[in-house]
Amino acid sequence: MAGTKFESYRDLRVWQEAMDLAEACYRLTREFPKDEMYGMTAQIRRAASSIAANIAEGHGRQQTGAFVQFLRIAQGSLKELETHLILAVRVGLATNMDVLLGQCDELGRMLRALIRSLQNRTEAKPA
């Protein structure tokens with residue numbers, strides 16, 4: 001990312017991956033019982049969509065510090081999503097979350113790398 005100028009948050013691979021994860025979560029929750037519509041379905045969908053939304057919002061602030069803060073919020077939403085996915089298996093709403101949890105792990109690595117990159121770039125700037 002160093003030296004690269006992104007015109008839009010949509011150019012960020014991390015945002016694209018977050019959108020793919022959110023889409024997969026929407027597909028998964030279509031299979032949940034209708035009585036979970038305002039329970040686990042809503043929780044998973046909200047947490048999943050929040051990840052990409054926070055990446056976009058932070059990018060839109062056009063300040064590195066604000067962007068990093070929103071990326072950290074996205075990390076929190078990712079951990080919340082992981083917890084809901086694990087719970088969905090434990091209560092019998094789904095049987096296997098290995099693929100989705102793998103996507104979560106990869107997205108978490110990408111978020112951490114982007115945060116480090118932005119922080120290193122900020123620290124390297126002369127005063």
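The values are calculated or read from the model by the stated rules, or taken from the named source; none is laboratory data. Fair warning: this is a prediction, and the values are worked out from it, not measured in the lab. Using ideal geometry, Cβ is built from the backbone for each residue, glycine included, and neighbour counts are taken over all protein chains shown.
Brief remarks follow.
- A residue that is basic (Lys, Arg), more than 10 Å from the chain's Cα centre (by Cα) and farther than 24 Å from THR95 by Cβ cannot be found anywhere in region 36-54.
- Residues of region 56-75 satisfying the condition of being out of contact with any Phe, Trp or Tyr (no Cβ under 7 Å at 6 or more places or on another chain) and of a type in the set (Lys, Arg): ARG72
- Of all residues in region 81-102, those being buried (at least 17 other Cβ atoms within 10 Å of the Cβ) and farther than 20 Å from PRO33 by Cβ number 1.
- Residue satisfying condition, being surrounded by fewer than 14 Cβ atoms within 10 Å (Cβ to Cβ) and not aliphatic (A, V, I, L, M), within set GLY108, GLY60: GLY60
- Close pairs (7 angstrom Cβ cut-off, 6 or more residues apart or separate chains): under 23 Å from ALA48 (Cβ atoms) in region 1-23, polar (S, T, N, Q) and at pLDDT 75 or above anywhere: LEU21/GLN103; ALA22/SER49
- When VAL91 is tested against (1) touching a Lys or Arg at 6+ places or on another chain (Cβ under 8 Å); (2) over 18 Å from ALA22 (Cβ atoms), only condition (1) is not met.
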